[in-house]
Amino acid sequence: MGLTETLAGLTGPILAALDPFCGPAGIFRWLAGGTLMACGDDGWGDEVGAGFLVTLTLAVATLPVGLMLGFFIALAKQSEAATLRLAANIYTTIFRGLPELLTIFMIYFGLQIGIRQLVAALGFETSFEINTFFAGMIALALVFSAYASEVLTSAFKAIPKGQYEAGNALGLRGGKTMRFIILPQLVRIALPGLGNLWMILIKDTALISVIGLGDILRQTGIAARVTKEAFMFYGLACLMFLALAIVSSWGFSWLEQRSRRSEAAR
Amino acid sequence: MSYSHELIAPSPPPKALLVSWNRASIVGTILMGVWILGGILLVTFLFDAWDIDKIRLYGPKYISGLGVTLSLVAISISIGAALSLPIAYGRMSKNRVISWLAYGYVYFFRGTPLIAQLFLIYYGFGTFRPQLEAIGLWGVFRDAWNCALFAFTLNTAAYQAEILRGAVESVPKGQHEGAAALGLSKFQTFRKIILPQAMIVALRPYGNEIILMIKGSAIVAIVTVFDLMGETRRAFSRTFDFQTYVWAAIFYLAIVELLRNVWAVLEDRLTRHLKR
């Protein structure tokens, strides 16, 4: 529970003011007073809002890890070393082939059993339980990176070899060529694909509710069970995911326009 | 007239590049070592955990679970394919109302998680029990399998409609004009000219959609359908043996890889007239 609570403690005061559900300008506060969706102890508004925050935090925390991992796997896939290519391809085959739910269960139970056995082998006794947020983050990052590496590999292929040679001719080292010449072009080409992956990532976070993380789906599920208003609360969950998708698609179209601003002038 | 009597000796072939150990190959070898070690550990784990009683007890259940998964996917993909036709048509319609309705449908089912849709139907429809009983549909929606089939069909219809629309729109306008010039009716044009070309484009996305559905169908285990994942969860909750999950992973990987390769062969065969 440590990580989620620390994050919540650090960002709490700022988020409380900006809270779109129960904050000073929250929709539940103004529109759902007196109903089941009210904030505080009378309704489920704040619980569901907290779930929304957990979903968003999980997706945002997974993104950089998955992107970094995916980037290095994409590099490995176009390496000259056959062993490195093969190792990267095995990775993507596994994590693109397994159902996300199974990956999550395997990471959650597998890590737990593995660590317990390791500790037992060292001669201690624990009833160690892995943090669901952490386990979910690892599982989602593995899946995300496998897909991201495919997107980035095809983006790498779209960059002509001459760009590397030009970097070389200017006397830039490999790392600098990558940073100043290849990466800026890579981002432009890969953005639409990465945008799709981000949407998929948001939807996949809903699966973590199954191992007990209090995200949108779990919080609305609890509310549904208690109030017997399942359709309303699961409908609300769908609308929240839909809102995330809509805002993300705005964000990505803005990013894409921005990344193409050098071309737009012409 | 003089000429050289001696020919210049042919230069020796360039030296074969020595396979040198650079950073990439070292990292690659280490990583392959990790994979191989992981594979060996997995095999020894499965060997150690081999228990003929468990295999006798749960093996047939896994097979039946696999059957449930495959039939769920096959049925929902086929009904979804039929349903995707009017939706794709609506998306391309010039009528604002129809195209917005179709767009809303597609956006909803592609923008929300499949698991939330499944919960909305399986748990949510319970709210409307009196109404459903009145029209005699309660029996249908009480059953988890039917709900899963319903949710998956609606979901895949949205995705397939987008695949279809993209494919049909990828056929150049000249094809329509050519068909019109030949005096073909709209329906004939669609069936004989547009669809065959669109299907080639749509082949790969359709394959991906089937794979996504097979993977996505694992979530029905949560609403008590005993598909491959459901049987796995049941076996794990009874034995607390991690090998149950490993076997499920092997099964899923095998189906997905098989399908992927079959699809690649199929695509290769169907597009052989396009190769130069």
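In table form, for the structure just shown:
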| quantity | calculated |
| --- | --- |
| Label-reachable residues, region B:195-238, where backbone N falls under 20 Å from a point 7 Å from B:Asn146's Cα toward its Cβ | B:220-227 |
| Lys/Arg +1, Asp/Glu -1 at C-beta; chain A dipole; positive extreme among A:Ala245, A:Ala74, A:Ala61 | A:Ala74 |
| Relative contact order of region A:167-266, pairs being alpha-carbon contacts under 8 Å that are 6 or more residues apart, as % | 26 percent |
| FRET efficiency estimate (nearest 0.05) - Cβ-Cβ, A:Thr93 to B:Lys61, R0 22 angstrom | 0.25 |
| Gain in span if fully extended, B:Met199 to B:Glu177, counting 0.36 nm per residue against the direct Cα distance | 6.0 nm |
| Three-way shape label, chain B, alpha-carbon gyration tensor, a/c 1.5 | oblate |
| Selection from B:Val97, B:Thr127, B:Gly139 lying farthest towards where the dipole of region B:18-141 points positive, charges on Cβ | B:Val97 |
| Inter-label distance for B:Ala9 and A:Leu118, nm, one decimal - labels placed 7 Å from Cα along Cα-to-Cβ | 6.3 nm |
| Length added when fully stretched, B:Ile250-B:Leu266, from 0.36 nm per residue minus Cα-Cα | 3.4 nm |
| Region A:189-266 shape via C-alpha gyration tensor axes, a/c threshold 1.5 | prolate |
| Those residues of region B:28-52 for which accessible area with every protein chain present is at least 50 Å² below the isolated value (1.4 Å probe) | B:Met32, B:Trp35 |
| Distance between region B:37-60 and region A:199-258 - C-alpha centres, whole angstrom | 38 Å |
| Region B:87-198: relative contact order in percent, alpha carbon pairs under 8 Å with at least 6 residues between | 27 percent |
| Estimated FRET transfer efficiency when R0 is 41 angstrom, pair B:Ile40-A:Asn168 (beta carbons, to 0.05) | 0.50 |
| Cα centre as origin, Lys/Arg/Asp/Glu Cβ charges: region B:71-231 dipole, Debye | 620 debye |
| Zero-based 5 Å bins, Cα pair distances in chain A, whole percents | 1, 5, 10, 13, 14, 14, 12, 11, 8, 6, 3, 2, 1, 0 |
| Gyration tensor (alpha-carbon) shape descriptor, region B:146-195, a/c threshold 1.5 | prolate |
| Heavy-atom accessible area per residue - chain A, 1.4 Å, Å² | 51 Å² |
| For the protein assembly as shown, average projected area of the Cα convex hull in nm² | 41.4 nm² |
| Note, ³J(HN,Hα) from phi for region B:55-60, Karplus 6.51, -1.76, 1.60, rounded to Hz, x at Gly and Pro | 5, 4, 6, 9, x, x |
| B:Tyr62 accessible area, 1.4 Å probe, all protein chains in place, Å² to nearest 10 | 10 Å² |
| For chain B: relative contact order, % (alpha-carbon pairs under 8 angstrom, 6 or more apart) | 22 percent |
| Additional length obtainable on full extension of the chain from B:Glu169 to B:Asp53, 0.36 nm per residue less Cα span | 36.1 nm |
| Under the Karplus curve 6.51 cos²θ - 1.76 cosθ + 1.60, θ = phi - 60°, whole-Hz ³J(HN,Hα) for region B:127-136, x wherever Gly or Pro sits | 4, 9, 4, x, 5, 5, 5, 4, 9, x |
| For chain A, cysteines whose Cβ has no other cysteine Cβ within reach (under 4.7 Å) | A:Cys238 |
| Alpha-carbon centroids, region A:74-102 and region A:131-191: separation in whole Å | 15 Å |
| A:Ser127-A:Arg260 FRET efficiency (beta carbon distance; Förster radius 35 Å; 0.05 resolution) | 0.05 |
| Summed buried accessible surface, chains B and A, 1.4 Å probe, nearest 100 Å² | 3600 Å² |
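The values are calculated or read from the model by the stated rules, or taken from the named source; none is laboratory data. Quick caveat: nothing in here was measured; it's all calculated off a predicted structure. So basically every Cβ, Gly included, is an ideal-geometry build from the backbone, and we count neighbours across all protein chains shown. What goes into the accessible areas is simple: the full protein's heavy atoms, side chains included, and nothing from ligands, DNA or RNA. Shrake-Rupley method; radii C 1.70, N 1.55, O 1.52, S 1.80 Å.
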